[in-house]
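One structure below.
Readers should treat all values here as calculations from the given coordinates under stated rules, not as data from a laboratory. It should be emphasised that the depicted structure is a prediction, and the values quoted were computed from it without experimental measurement. Quick reminder, even Gly has a Cβ in these numbers, built from the backbone with ideal geometry, and neighbours come from all protein chains shown.
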Amino acid sequence: MEMMTMCEKHQRKWTETPTWIRQVFQCAKLGRLDQTLVDLDPTLIRNLVDSRGNNLLHCSAKSGHLINIQRLLSILGEEAEAALQDENQAGRTVLLTALKVREQKN
């Protein structure tokens, strides 16, 4: 049995993710969520996670896009508080993710 390199494993996971979901996460990382979220249901937005368990709020926090976070919280409405408490695979909430990024920058 052949051994897969980490890159091959990552690539395999990446190709299993539908293109539109990859595009949504890419837009979150780039701070360009406005038009991306227009046609998406808030429940869907709430439940999207990447391979590391990050939701769109985590991705926006990691990239320092406060406007994205505000927009997402507005769209999520009643689900916003729960989404902020979601933990990624590293056990970090959105707030802890933002604090870690800030700590790394200082």
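Using C-alpha pairs below 8 Å separated by at least 6 residues, the relative contact order for segment 6-105 is 25 percent. Here segment 19-106 is described by how far its Cα atoms reach on the three principal axes: 37, 24, 23 Å, from widest to narrowest. With 0.36 nm allotted per residue and the present C-alpha distance subtracted, the residue 79-residue 21 stretch has 18.9 nm of extension available. For segment 6-105, the Cβ-based charge dipole about the Cα centre amounts to some 560 debye (Lys, Arg positive; Asp, Glu negative; other atoms uncharged).
Measuring r between the beta carbons of residue 104 and residue 43 and using R0 = 35 Å, the FRET efficiency lands at 0.60.
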